[in-house]
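A.B. asks: Next up is a structure, given as structure tokens.
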Amino acid sequence: MSSVSAAGMAGKRVAVTGAASGIGAATAKLLQAQGCRVACLDRNLAGARATAGADGLAVEVDVADEPSVIRAFEQAGTAWQGLDALVTAAGIINTTSFFDTTVAEFRQLFDVNVIGSFLSVREGARYMQRGARICMVASISSYTGGGYVARGAYATSKGAVLTMMKGCARELGPKGIAVNAVAPGFIDTPFVASAMSDPVRRKEVVAAVGQVGTAEQIAQCAAFLVSPAADFVHGETLIADGGILMR
Ligand SMILES: NC(=O)c1ccc[n+]([C@@H]2O[C@H](COP(=O)([O-])OP(=O)(O)OC[C@H]3O[C@@H](n4cnc5c(N)ncnc54)[C@H](O)[C@@H]3O)[C@@H](O)[C@H]2O)c1
């Protein structure tokens, strides 16, 4: 895929979490096509291998597990003696309604989406130098509280990701590392398969959101935020929702 947004990325060393599927896979492939060396991190190693291909590096990781994240970034960070960019796309969703949500479900969302993002940035940044860039993947549910498929617990975890992005930007900015986020709208990936595979539900969702986006559209945004083209952007969120919040 060609990309204006990822210009200047040739030769950069990039790690992408959640790279086996959806937005992470599309981002990894886009950056590879721009000449990056991409480490594809995912709990689904076969999927990460499929994304990485012969030129990339596939690394198994459970982002919710501290030793696993430390090991994975050690592998990714030492493979090419450092990292220039990181995209944290690994995440899970839960569609349980508010009164039925259990504490275990809430904790699982936080373990993967919040602690997983925290650990990935903490460990990824250890292998970065001045000029490196990070893009965290949040969601417009951070602003809406959920609604179309996701519910409050998921939205809360993504709100925490946005706040964390600001905190990371404050702490890593003085080290010359830029941190930003992309907040996707409704994107047709396996993540929302439960809604999209049922034609009736799909029609309802499309009517509600107006536009369903593609993983490639979000990949363009993430690639821009980790590229030199965004070198004056720091601590910001790029909302890419096809206008849902304007409806
Ligand atoms: N699809 C959407 O509509 C949408 C909207 C807003 C935000 N997002 C966010 O985008 C990100 C990517 O979602 P997607 O749509 O590409 O979903 P996806 O299900 O296609 O991909 C998510 C990937 O994360 C991996 N993953 C999940 N838990 C993991 C763990 N503990 N350790 C390592 N890897 C793990 C999965 O194996 C999978 O490859 C998520 O953070 C999600 O919250 C998606």
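What follows is calculated from the coordinates using simple rules that are stated; it is not laboratory data. Model, not experiment: these values are computed from the prediction. Here the Cβ is made from the backbone with ideal geometry for all residues, glycine too, and neighbour counts use every protein chain on show.
A.B. asks: Residue by residue through the range 189-202, what is 3J(HN,Hα) from phi via Karplus (6.51 cos²θ - 1.76 cosθ + 1.60, θ = phi - 60°)? Round to whole Hz and write x for glycine and proline.
C.D. replies: 9, x, 3, 10, 4, 4, 7, 7, 7, 8, x, 5, 5, 4
A.B. asks: Given Cβ point charges of +1 (Lys, Arg) and -1 (Asp, Glu) and nothing else, what value in debye, to the nearest 20, does the dipole of the chain about its Cα centre take?
C.D. replies: Numbers: 21 positive and 20 negative charges, 79 e Å.
The calculation lands at about 380 debye.
A.B. asks: Sticking with this structure for a sec: If you put +1 on each Lys and Arg Cβ and -1 on each Asp and Glu Cβ, how big is the dipole of the range 120-247 around its Cα centre, in Debye rounded to 20?
C.D. replies: 300
A.B. asks: What is the magnitude of the charge dipole of the range 62-184 about its Cα centre, with +1 placed on the Cβ of each Lys and Arg, -1 on the Cβ of each Asp and Glu, and no other charges, expressed in debye to the nearest 20? Before the final figure, lay out the partial values.
C.D. replies: Numbers: 11 positive and 10 negative charges, 100 e Å.
In total the dipole reaches around 480 debye.
A.B. asks: Here is a follow-up. One quarter of the convex hull surface, Cα atoms only: what value does that give for the chain in nm²?
C.D. replies: Numbers: hull surface 49.8 nm².
Hull-based average projected area comes out at 12.4 nm².
A.B. asks: Using amide H atoms built 1.01 Å from N in the peptide plane, name the residues 5+ places from Asp241, or on other chains, whose amide H lies under 5 Å from its own.
C.D. replies: Gly185
A.B. asks: For the chain, what does the relative contact order come out to in percent, with C-alpha contacts under 8 Å and a separation of six or more? Can you show the working numbers first?
C.D. replies: Working: 543 pairs, mean separation 52.6, N = 247.
RCO, the chain: 21 percent.
A.B. asks: Given H placed 1.01 Å from N in the peptide plane, which residues other than close sequence neighbours of Val179 have an amide H under 5 Å from its amide H?
C.D. replies: Placed amide hydrogens put Ile134, Gly235 under 5 Å from Val179.
A.B. asks: A further question on this structure: Between the alpha-carbon centers of the range 148-204 and the range 68-89, tell me the distance in whole angstrom.
C.D. replies: 22
A.B. asks: Moving on. Tell me, what HN-Hα J-couplings in whole Hz come from the Karplus equation 6.51 cos²θ - 1.76 cosθ + 1.60 at θ = phi - 60° for each residue of the range 61-78, using x for Gly and Pro?
C.D. replies: Computed from phi, the couplings for the range 61-78 are 8, 10, 5, 7, 10, 4, x, 5, 5, 4, 4, 5, 6, 4, 5, 5, x, 9 Hz.
A.B. asks: Out of all Cα-Cα pairs in the range 14-132, roughly what percent, to the nearest whole number, are more than 19 Å apart? Each step should come with its number before you reach the end.
C.D. replies: Values: 3040 of 7021 pairs.
Roughly 43 percent, once rounded to a whole number.
A.B. asks: Ranked by Cβ crowding within 10 angstrom, fewest neighbours first, how are Ser68, Ser227, Ser194, Ser157 ordered?
C.D. replies: In increasing order of surrounding Cβ atoms, one gets Ser194, Ser68, Ser227, Ser157.
A.B. asks: Give me a comma-separated list of calculated 3J(HN,Hα) values for the range 121-131, in order, Karplus coefficients 6.51, -1.76, 1.60 applied at θ = phi - 60°, integers in Hz, x for any Gly or Pro.
C.D. replies: 5, 4, 6, x, 5, 4, 9, 9, 10, 3, x
A.B. asks: Near Lys29, which lysines are there with a Cα under 26 Å away, not counting those fewer than 8 places off in the same chain?
C.D. replies: Within the straight-line cut-off, Lys29 pairs with Lys12, Lys158.
A.B. asks: Would you mind listing how long the range 170-247 runs along its three principal axes, going by Cα atoms, in whole Å with the largest first?
C.D. replies: Answer, in whole Å and largest first: 50, 25, 21 Å.
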